[in-house]
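K.L.:
I have a structure here, written as structure tokens, and I will follow up with some questions on it.
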Amino acid sequence: MTDTFVPQNIIVTGGCGFIGSNFVHYVVNNHPDTHVTVLDALTYAGNIENIAGLPADRVKFVHGNICDAELLDRLVPGHDAIVHYAAESHNDNSIANPEPFLKTNVEGTYRLLEVARKYDVRYHHISTDEVYGDLALDDPHRFTEETPYHPSSPYSSTKASSDLLVRAWHRTFGVRATISNCSNNYGPYQHVEKFIPRQITNILEGIRPKLYGDGLNVRDWIHTDDHSSAVWTILTKGRIGETYLIGADGERNNITVLRDILEVMGEPADAFDWVKDRPGHDRRYAIDSTKLQTELGWHPEHTNFQEGLEQTIKWYSDNRAWWEPVKAATEEKYKQQGQ
Ligand code: NAD
Ligand code: DAU
């Protein structure tokens, strides 16, 4: 299937965060006709270094907040699509202080939908599989586009709220919107607060890795480059008004992932600490991406988790200057939470 829409000038919100910046690299490397404007507030999770070195004639950076309606009104004309990644993204932070999650994830999405509506700009909304709640470990089902919403955490409930706003703005105002709900990403540029980078950088710093609860919670891992190619596919070929689930059949429990990291890094299998569980901790996520694969012809390419994990460990080992400045403060925050 050929692309039905090839955007010339896209706004990528949150393009200095983990997944957003990987998407900007993906577009620059694979789609030479598309120019990118990154709109990012550079919160604790944003880092301008993530897009450093990209060609200035392809990527422009605007420092600003998605809740700033006046800025959006000035910025959006001249662009033909918005790909909305910006969010408060970390569950543990949403439990400690939900307020910024409501502001950015709900109000920020509302502001972007209003400006997309005003200027009739194509809008793609990045969301999460967490809107569906969790599955039992022995449940034979996986999440599909038909699974009812049942979010557990302040983070996932604000993401679910934002998805519902998108559906309403499409149906009521005709905003040309699509939504994707993806599973857990891993790869370079992920903040050290998240599970995989936290454990890798702990080991590099001589700190024991930390495992929540019984370690049997399952996440459905996908390499961030596969997420990027899926988003591009939906942006260019997806049916307006539709939702697509993104996943790569990567279910693994946390203790298995941690033992893989320990082994690759030459540590004993028991060299970690059990810590307090996350309140409301979702047990298992699992994505059925049949709709995206059969309707739009997308397929993941980076499905060798062991290989992707080794590359990710190498990236954190080679890029200490990227994460060292934020490591101590991140661990201090966890320590205060008993984690
Ligand atoms: P991240 O926390 O690494 O990055 C978020 C980015 O958004 C940062 O650059 C930050 O500065 C920016 N930002 C935050 N608030 C902003 C605001 N008000 N205005 C402008 N910019 C703002 O997040 P991530 O892990 O890259 O996640 C990106 C998106 O993907 C989120 O919408 C998240 O819900 C979704 N998602 C993440 C995963 C995952 O595994 N990390 C999986 C599925 C979906
Ligand atoms: O499923 C998609 C979601 O994946 C995204 O929407 C979120 O933005 C993203 O942060 C991620 O959410 P999780 O809560 O699953 O990711 P996190 O990296 O925080 O934790 C992964 C698992 O590891 C989870 O079961 C909690 C556990 N964990 C986490 C940390 C930080 C530990 O056992 N120890 C830890 O130190």
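K.L.:
Using Cα pairs closer than 8 Å and at least 6 residues apart in sequence, work out the relative contact order for the stretch 33-167, in percent.
P.N.:
Relative contact order comes out at 25 percent.
K.L.:
Counting only heavy atoms of the protein chains, get the accessible area per residue of the chain (1.4 Å probe) and round it to a whole Å² value.
P.N.:
Accessible area per residue, the chain: 42 Å².
K.L.:
Then there is this: Over all alpha-carbon pairs of the stretch 273-327, lay out the pair-distance distribution in 10 Å bins, whole %, shortest bin first.
P.N.:
P(r) over the stretch 273-327, rounded to whole percents: 16, 22, 37, 23, 3.
K.L.:
Quick one: Karplus J couplings for the stretch 310-323, per residue in order, coefficients 6.51, -1.76, 1.60, θ = phi - 60°, nearest Hz, x for Gly and Pro?
P.N.:
Values, residue by residue: 4, 5, 5, 4, 5, 4, 5, 5, 7, 10, 4, 5, 6, 9 Hz.
K.L.:
Based only on Cα atoms, what mean projected area does the convex hull of the stretch 1-75 have, in nm²?
P.N.:
Orientation-averaged projected area of the Cα hull: 5.6 nm².
K.L.:
Putting +1 on Lys and Arg Cβ atoms and -1 on Asp and Glu Cβ atoms, find which of P154, F195, Y212 reaches farthest to the positive end of the dipole of the stretch 144-216.
P.N.:
My answer, from the dipole projection, is P154.
K.L.:
Moving to a separate point now. Which value, in debye to the nearest 20, gives the size of the charge dipole of the chain about its Cα centre, when Lys and Arg are +1 and Asp and Glu are -1 at the Cβ?
P.N.:
Around 680 debye, computed over the chain.
K.L.:
How large is the charge dipole for the stretch 18-90, taken about the Cα centre, if only the Cβ atoms of Lys, Arg (+1) and Asp, Glu (-1) carry charge, to the nearest 20 debye?
P.N.:
Once rounded to the nearest 20, the dipole reads 160 debye.
K.L.:
So if I place +1 on the C-beta of Lys and Arg and -1 on the C-beta of Asp and Glu, and nothing else carries charge, what would the dipole magnitude of the stretch 78-165 be about its Cα centre? I want it in debye, nearest 20.
P.N.:
Dipole of the stretch 78-165, to the nearest 20 debye: 460 debye.
K.L.:
What ranking do 195-202, 164-171, 11-18 get when scored by the average of other Cβ atoms within 10 Å per residue, highest first?
P.N.:
11-18, 195-202, 164-171
K.L.:
Got a sec? Charge dipole of the chain, +1 on Cβ for Lys and Arg, -1 for Asp and Glu; which of V257, T312, S89 is way out at the positive end?
P.N.:
In the chain, that residue is S89.
The values are calculated or read from the model by the stated rules, or taken from the named source; none is laboratory data. What you see is a predicted model, and the numbers here were worked out from it, not measured in a lab. Counting neighbours? That spans all protein chains shown, and the Cβs are built from the backbone with ideal geometry, glycine included. SASA here: full protein model, heavy atoms, side chains in, ligands and nucleic acids out. Shrake-Rupley method; radii C 1.70, N 1.55, O 1.52, S 1.80 Å.
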